[in-house]
1. I'd like to verify a number: residues in the stretch 13-55 that are in a helix (DSSP H, G or I), open to solvent by 20 Å² or more (accessible area, probe 1.4 Å), among the aliphatic types (A, V, I, L, M) and at pLDDT below 85, how many?
2. What do you reckon, is Glu111 acidic (Asp, Glu) and modelled with pLDDT under 90?
3. Being touching a Gly at 6+ places or on another chain (Cβ under 8 Å), open to solvent by 50 Å² or more (accessible area, probe 1.4 Å) and modelled with pLDDT under 95 is true for just one of Leu96, Leu117. Which residue is that?
Amino acid sequence: MGGTISARIALLAIANAGFGMHMTWKDNPNAATASGHEISFQSALHTVAQNSILKMSLPWFCYWLPIPHLWTVRTAFKELEVYIKEMIDDRKAAILGASERADEDDRSVEEQERYDLFHNLVKASMTGEEPLSDAELMGNIYIYLL
């Protein structure tokens, strides 16, 4: 029981502070999901965090067997990947938009940016000497989330 509570606290802290994602303590399975998604971000993140070792342990074809838990794990991993891709695209657009507004308004970009780990990862992936690909960025985000 204690491990579940501390894992939940860690997920909430990392998601809120590191990535600017607002999540609640309770994971409501009846909560509305984002358009085009099968499960909520919070459900996907929680399921992935609880089943990462299982995912690494079983071969890919096991997730197509008629075992409901494995289907849930497969769906959670797929959905988390889609959510992360969308978050990267949204943050890149926000960074580019902030840069354009800063040029127009003659204000510094720093005044308009968010300062969380996710923002810094995305910005670094766009401006570094060797920019990260989206796949590399997703891998880093996944590691930080879990």
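1. Matching residues across the stretch 13-55 total 3.
2. yes
3. Just a single option satisfies the conditions, and that option is Leu117.
Every residue, every condition in (1) touching a Pro at 6+ places or on another chain (Cβ under 8 Å); (2) modelled with pLDDT under 75, yes or no:
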residue: Asp105; (1), (2): no, yes
residue: Val122; (1), (2): no, no
residue: Ser125; (1), (2): yes, no
residue: Pro131; (1), (2): no, no
residue: Ala135; (1), (2): no, no
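Let's see how each residue does on (1) touching a residue at least 40 places away in the same chain (Cβ under 8 Å); (2) over 18 Å from Leu137 (Cβ atoms); (3) among the polar types (S, T, N, Q):
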| residue | (1), (2), (3) |
| --- | --- |
| Ala49 | yes, yes, no |
| Lys55 | no, yes, no |
| Trp64 | no, yes, no |
| Leu70 | no, yes, no |
| Arg74 | no, yes, no |
| Tyr83 | yes, no, no |
| Ile95 | no, no, no |
| Ala98 | no, yes, no |
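The values are calculated or read from the model by the stated rules, or taken from the named source; none is laboratory data. Remember, predicted model here, so these are calculated numbers, not experimental data. FYI the Cβ positions are ideal-geometry reconstructions off the backbone, even for glycines, and counts take in every protein chain you see. We work out accessible area using only protein heavy atoms, side chains counted, and drop any ligands, DNA or RNA first. Shrake-Rupley method; radii C 1.70, N 1.55, O 1.52, S 1.80 Å.
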